[in-house]
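The values are calculated or read from the model by the stated rules, or taken from the named source; none is laboratory data. Since the structure is predicted, the reported quantities are computational estimates derived from the model, not experimental observations. Glycine gets a Cβ as well: all are built from the backbone with ideal geometry, and neighbour counts include every protein chain shown.
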Amino acid sequence: MPMKDKSPLLEMTGVSKVFQREILNIESLALQEGLIYGVIGPSGAGKSTLLRIINLLTPPTQGTYHFMGEVVQRESDRERLKFQREMALVFQKTLLFRESVWHNIAFGLKARKIPRRDVEKRVDELLAYLGMEDLAHRRGDTLSGGEAQRVAIARAVAFEPKLLLLDEPTANLDPRNVALIEDMIQGMSRDKGITVVMVTHNVFQARRVSDQVIFIDEGRIVEIGPVDRVFSPEAHRKTRAYVQGKMIY
């Protein structure tokens, strides 16, 4: 008997967001576990709004949302928190505590009332896995931009979320730190099975890092598919225009 397809980790249908005008209109979106999704599109296309809706920070105007096989009842604070605890969102601008890197990474675990011994073990193992032991005792407010972003991502994945959301994680960073963070993202997805949704203006980064690419324009998903297809002559004309550096109106 053939195996059934695995249910999506996250599924959205008819999700829209209206402020003074319609910002986002997603007919359907399904994210499979363990994949990296690169989200590209012009400024103002609705990419960051999509991340905030996925993370339940911004309520959609309408639409249905399933996560981990359950309907998300956004009106309930308890329900929303339950699902948010399985996600992590890292913004472009990193905010770290003045304490050590070790304590920055441990903060979320302590807040979840994880036993101290387990916190210590998990933080030490994560620092070793990410090759960041040399930063363990550095204060968060003394780090470079690239170092701080690596710590922010490490802090986000310390509790092993099902879904990691990244909003321009390497904007304005030097090539070395870009490479380190890209390796970090791919390693966490590959080794830990974390699903990643990464908004980026860098189409080359989306091509390097992603398993699937989502192209958004004017609040709508124009195209979603494997990297090779999205970056091919067979892609939608708007997608081709965007990745070729042409302006879209």
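A few notes on this one:
- With respect to (1) more than 28 Å from P60 (Cα to Cα); (2) in contact (Cβ under 8 Å) with a residue 40 or more places away in the chain; (3) over 15 Å from the mean Cα position of the chain (by Cα), the lone exception for E218 is condition (1).
- Some residue of the range 192-209 being over 17 Å from the mean Cα position of the chain (by Cα), within 29 Å of A152 (Cβ to Cβ), among the aliphatic types (A, V, I, L, M) and surrounded by 21 or more Cβ atoms within 10 Å (Cβ to Cβ): no
- For the range 83-97, taking the residues that are out of contact with any strand residue (DSSP E or B) (no Cβ under 6 Å at 6 or more places or on another chain) and part of a loop (DSSP other than H, G, I, E, B), the one that is modelled with the highest pLDDT is identified as E86.
- Condition check for P8: in contact with a Phe, Trp or Tyr (Cβ under 8 Å, 6 or more places away or on another chain) and crowded, with 17+ Cβ neighbours inside 10 Å: no
- Complete set of residues in the range 12-27 that are under 23 Å from T195 (Cβ atoms), in contact (Cβ under 8 Å) with a residue 60 or more places away in the chain and surrounded by fewer than 15 Cβ atoms within 10 Å (Cβ to Cβ): E27
- Residues of the range 210-220 that turn out to be surrounded by 20 or more Cβ atoms within 10 Å (Cβ to Cβ) and either touching a Phe, Trp or Tyr at 6+ places or on another chain (Cβ under 7 Å) or within 10 Å of V39 (Cβ to Cβ) (or both), as a count: 5
- Residue in the range 75-83 that is within 17 Å of the chain's Cα centre (by Cα) and surrounded by fewer than 19 Cβ atoms within 10 Å (Cβ to Cβ) present: no
Residue by residue, here is whether (1) of a type in the set (F, W, Y); (2) closer than 20 Å to Q212 by Cα holds:
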residue: K6; (1), (2): no, yes
residue: K17; (1), (2): no, no
residue: Q20; (1), (2): no, no
residue: L35; (1), (2): no, yes
residue: G41; (1), (2): no, yes
residue: G46; (1), (2): no, yes
residue: L56; (1), (2): no, no
residue: F67; (1), (2): yes, yes
residue: S76; (1), (2): no, no
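Table: residues versus (1) in a loop (DSSP other than H, G, I, E, B); (2) touching a residue at least 40 places away in the same chain (Cβ under 8 Å); (3) of a type outside the set (D, E, K, R).
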{"residue": "L81", "(1), (2), (3)": "no, no, yes"}
{"residue": "N104", "(1), (2), (3)": "no, yes, yes"}
{"residue": "R122", "(1), (2), (3)": "no, no, no"}
{"residue": "E125", "(1), (2), (3)": "no, no, no"}
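- Taking each residue of the range 41-62 that is in contact (Cβ under 8 Å) with a residue 12 or more places away in the chain and looking for partners that are in a loop (DSSP other than H, G, I, E, B) and of a type outside the set (S, T, N, Q) with beta-carbon atoms closer than 6 Å, six or more apart or interchain, yields P42/I248; G46/G219; K47/G41; I53/P60; P59/R74.
- Residues in the range 13-59 that are more than 21 Å from V90 (Cβ to Cβ), of a type in the set (A, V, I, L, M, F, W, C) and in contact with a strand residue (DSSP E or B) (Cβ under 8 Å, 6 or more places away or on another chain): V15, I23, I26, A30.
- Test result for A235, within 18 Å of L51 (Cα to Cα) and not in a strand (DSSP E or B): no
- All positions within the range 7-61 that are among the basic types (K, R) and either part of a strand (DSSP E or B) or more than 27 Å from R190 (Cα to Cα) (or both): K17, R21
- Of residues in the range 138-168 being out of contact with any Gly (no Cβ under 7 Å at 6 or more places or on another chain) and assigned to a loop (DSSP other than H, G, I, E, B), the one nearest to A88 (Cα to Cα): P161
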